[in-house]
Amino acid sequence: MKHISTYRFYLLTLCFFIGTVLSFSQNPNMQWSAESELMNANGVDVTLISNFSKQDTVISWQQVTSSTSNTSTFNIISLNGTWDDQNATGEINYSIISEETHGNLKLMGNTDGITATLTLFEDGEVTDTYIFQLNSLTQS
């Protein structure tokens, strides 16, 4: 009988550990940062250093050139999807807003790498689409 109780304890501990790891690695609410050196802006390839970060309900996009730096900040309205941090795979879609501009930021990771697609709308019309090949996505 003592062995069964010990076995149950270890089994429950293992299930709790696995559940914690899975919820952490597949959590779309995760905090993260990412960097890109190449962007496709409305069909045109552009070399531009872009730094992204997601903290709580805010996504920041910093664009850096040799002489300037500009940061755009978006509030997250909603999100959905899953992300596997160990394999850098999955898809997370953020609905975002900044003043009068609405948009979507889609993170997609697969065996080919990680991309971010930022689509901006004004008055319900797509105004800009930016596609980034991310060098990395780091969970913080």
For the stretch 86-97, enumerate the residues that are in a strand (DSSP E or B) and surrounded by fewer than 18 Cβ atoms within 10 Å (Cβ to Cβ). THR89, GLU91, ASN93, SER95, ILE97
THR129 vs (1) of a type in the set (Val, Ile, Thr); (2) surrounded by fewer than 16 Cβ atoms within 10 Å (Cβ to Cβ); (3) touching a Phe, Trp or Tyr at 6+ places or on another chain (Cβ under 8 Å): all pass except (3)
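Just name the residue that is modelled with the highest pLDDT out of those in the stretch 49-85 that are within 17 Å of ILE114 (Cβ to Cβ) and loosely packed, with under 15 Cβ neighbours inside 10 Å.
Among those that are within 17 Å of ILE114 (Cβ to Cβ) and loosely packed, with under 15 Cβ neighbours inside 10 Å, it is GLY81.
Can you tell me which residues in the stretch 114-134 are under 24 Å from ILE49 (Cβ atoms) and over 13 Å from the mean Cα position of the chain (by Cα)?
Restricting attention to the stretch 114-134, the residues satisfying the condition of being under 24 Å from ILE49 (Cβ atoms) are 114-120, 127-134.
Scanning the stretch 114-134 gives THR119, LEU120, THR127, ASP128, THR129, TYR130, ILE131.
The values are calculated or read from the model by the stated rules, or taken from the named source; none is laboratory data. As the structure is a prediction and not an experimental result, all values here were calculated from the model. With ideal geometry, Cβ positions are generated from the backbone for all residues, glycine too; neighbour counts draw on all protein chains shown.
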